[in-house]
There are 2 protein chains.
Amino acid sequence: MTFDKARIIVLASRPEGAPTADNFRLEERELPALGDGELLVRNVAMSVDPYMRGRMNDVKSYVPPFQIDEPLDGGAVGEVVESQADGFAAVDLVLHGLGWRDLAVVPAKGARKVEREIDGVEISPSTYLGVLGMPGITAYGGLLRTAEFKPGDAVFVSGAAGAVGSLVGQIAKLEGASRVIGSAGSPEKVERAKESGFDAAFNYKDGDVRRQLKDAAPDGIDVYFDNVGGDHLEAAISAMNLGGRIALCGAIAQYNSTEPPAAPRNLALMIGMRLTMRGFIQADFRDLVPEFQQKMARWIGSGEVTWDETVVEGLENAPQAFMDLLTGGNTGKMVVTV
Amino acid sequence: MTFDKARIIVLASRPEGAPTADNFRLEERELPALGDGELLVRNVAMSVDPYMRGRMNDVKSYVPPFQIDEPLDGGAVGEVVESQADGFAAVDLVLHGLGWRDLAVVPAKGARKVEREIDGVEISPSTYLGVLGMPGITAYGGLLRTAEFKPGDAVFVSGAAGAVGSLVGQIAKLEGASRVIGSAGSPEKVERAKESGFDAAFNYKDGDVRRQLKDAAPDGIDVYFDNVGGDHLEAAISAMNLGGRIALCGAIAQYNSTEPPAAPRNLALMIGMRLTMRGFIQADFRDLVPEFQQKMARWIGSGEVTWDETVVEGLENAPQAFMDLLTGGNTGKMVVTV
């Protein structure tokens with residue numbers, strides 16, 4: 001078996017609004033020779049994440065934009081085929097940032113070795129793209145640090161059946177929330193949120209978000225973890241108790257939009273209610289990772305945290321998986337097996 | 001001289017949009033007999049403040065609404081005529097909450113004795129309604145606590161010629177701001193802001209706030225002290241540096257509005273830039289008052305802090321003073337001498 005070529009997905013053109021198949025192209029590209037401190041990795045699973053939509057626009061953001069005719073990238077887990085770096089050997093499983101391809105030459109400093117089992121429990125590689133990976137630390141840090149969650153808080157989470165939202169709700173319960181309310185976009189997702197431990201959940205397509213939230217949280221909310229923006233944010237502001245906190249994680253409702261987004265018209269309520277709204281990205285929580293991994297491994301081992309994956313097979317189907325993600329075609333973490 | 005009747009301004013009807021003279025009525029009312037623990041106070045000066053507009057609506061807010069045919073109230077300074085409370089005597093000057101009238105029976109626990117001079121500098125009574133009073137502590141606490149101001153921060157303040165905004169700018173400079181930018185609504189106010197120490201100021205009526213702010217703050221801003229809401233807030237979000245903080249103090253642009261306010265359409269920028277937006281009211285800063293008064297008295301004594309007052313004479317003119325305040329007819333603190 002030789003590994004001189006990689007199959008790889010490039011950005012063919014920038015999406016206007018919702019991405020289409022035309023925006024992507026599968027190519028074969030030569031692999032560079034393996035240099036010192038590098039690993040040749042055969043990807044097992046790759047992540048598609050909402051934030052990638054932002055990188056497809058040619059605008060300044062917290063990560064640089066993808067370039068046309070150049071490979072996409074993102075989180076992936078793979079097996080080391082060949083190592084020219086200390087501390088890594090063939091067959092090691094590694095988490096790294098060169099997804100959207102089957103084979104990658106990965107700098108060792110951009111790779112982290114991950115375990116195939118924790119405390120005797122087998123861990124599937126894709127877990128490191130979800131509950132034990134970026135969505136997990138996003139949920140954990142966003143809730144505990146950004147939103148300054150305290151035991152007894154009532155917590156509202158949008159995207160409650162998504163990779164991040166589902167974990168926010170479960171972590172909040174495990175950390176002592178008085179009540180956890182979720183919103184999602186289908187009856188099945190609402191059901192799934194309730195099964196996973198949310199005290200209440202509603203389908204935002206069923207009617208006015210503000211009223212549904214008031215019904216689900218008659219005593220108000222102390223924390224809102226925002227994955228969607230738009231009318232959810234306005235509804236949450238109206239439902240907040242004194243001193244409430246909003247963690248802004250994402251605004252998926254707006255990612256495909258070509259219009260300025262609907263904005264909350266009730267920000268002035270933040271004054272009298274002394275609300276705090278704060279944006280964050282998961283890279284802010286690097287220092288929390290060890291604590292998070294320890295806790296989450298325990299919760300997984302005990303079955304206290306459960307999670308869903310929507311698995312799409314085949315690198316060639318990654319663009320479609322990404323498009324489906326943006327329209328809510330996933331429950332839990334969306335991953336592509338390579 | 002007898003004091004059995006007070007002249008007092010009552011809310012005749014609730015304003016729709018901008019208040020008009022019809023919403024107010026001057027009445028004579030019997031004074032209740034002075035009880036134990038009470039003071040009879042002859043007001044010298046009373047405050048009109050933007051927050052009072054909110055109390056004229058029949059909606060839940062952080063202070064209860066004014067009632068129709070009942071007296072308005074608010075900050076006032078007066079002279080004790082008669083005291084039935086320990087620690088107070090005739091001729092004492094007191095700050096209390098029963099403005100909008102010439103005479104008031106004030107519970108001693110709602111009154112604070114204030115000095116006619118500090119360190120040999122004569123202090124006019126109205127100072128306690130402004131720089132040494134609520135606007136002062138609002139500026140101080142909002143900047144240092146809510147916006148977590150740090151030396152070296154670049155600060156933007158709207159309403160820069162108002163009672164609060166003018167002090168925010170000066171306090172920021174005294175506490176080590178790298179640059180202080182203000183916006184105001186007339187060339188005279190812009191000039192006044194610059195005189196008082198703002199590094200740059202612009203007239204928001206001259207053009208797009210976003211562009212004027214970018215020109216005035218080419219290296220961005222770290223703190224925005226928001227007195228107006230609306231397009232200023234959107235412009236500030238766009239100009240913010242990583243980790244920037246917004247203190248929401250007021251939204252005067254919206255107080256008279258019968259339409260939902262224009263909302264910032266760029267809240268999603270808060271995510272990647274890790275911005276924090278937080279509402280507050282001055283009552284949150286009670287614990288800061290001693291520290292504030294000590295510093296401010298020193299700054300006043302040394303001439304490092306200057307301030308303007310727009311003084312209107314006569315209780316009967318208080319409604320007009322209030323209406324003018326809401327349309328920017330004041331420079332600095334608007335007070336009514338009684």
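Computed from the coordinates by the stated procedures, all read-outs in this text should not be read as laboratory data. None of the values given here were measured: they were computed from a predicted structure. Don't worry about glycine lacking a Cβ; one is built from the backbone with ideal geometry, like all the others, and counts go over all protein chains shown.
Here are the numbers:
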read-out: Set of lysines near residue A:189 by C-alpha distance (under 29 Å), chain-local residues within fewer than 8 positions excluded; value: A:150, A:173, A:205, A:214, A:295, A:333
read-out: Extension gain (nm, one decimal) between residue A:26 and residue A:195, 0.36 nm per residue minus Cα-Cα; value: 57.0 nm
read-out: Straight-distance crosslink candidates among aspartates and glutamates, where the alpha carbon sits under 20 Å from residue A:60 and sequence neighbours closer than 8 are dropped; value: A:16, A:49, A:69, A:70, A:73, A:259, A:284, B:215, B:219, B:222, B:234
read-out: Which of A:63, A:95, A:21, positive extreme of dipole for the range A:8-141 (C-beta unit charges); value: A:63
read-out: Pairwise FRET efficiency - residue B:112 versus residue B:69, Cβ, R0 = 35 Å, nearest 0.05; value: 0.75
read-out: Cleavage-rule hits (GluC sites (Glu not before Pro)) in the range B:2-95: DSSP loop, at most 11 neighbouring Cβ within 10 angstrom; value: B:16
read-out: Computed [θ] at 222 nm, deg cm²/dmol, chain A (DSSP H ≥ 4; -39,500 (n - 2.57); rounded to nearest 500); value: -6500 deg cm²/dmol
read-out: Positive-end residue, chain A charge dipole about Cα centroid, Cβ charges, pick of A:322, A:196, A:41; value: A:196
read-out: Packing-based exposure ordering (other Cβ within 10 Å, fewest first) of A:100, A:299; value: A:299, A:100
read-out: Ranked A:202, B:225, criterion: other C-beta atoms within 10 Å, fewest first; value: A:202, B:225
read-out: Estimated FRET transfer efficiency (residue B:12, residue B:316; beta-carbon r; R0 22 Å; 0.05); value: 0.95
read-out: Set of the range A:29-55 residues, backbone N closer than 17 Å to the point 7 Å along the Cα-Cβ line of residue A:90; value: A:34-35, A:38-43
read-out: Sequence of B:47, A:126, B:302, B:186 once ranked by neighbouring C-beta atoms within 10 Å, starting from the fewest; value: B:302, B:186, A:126, B:47
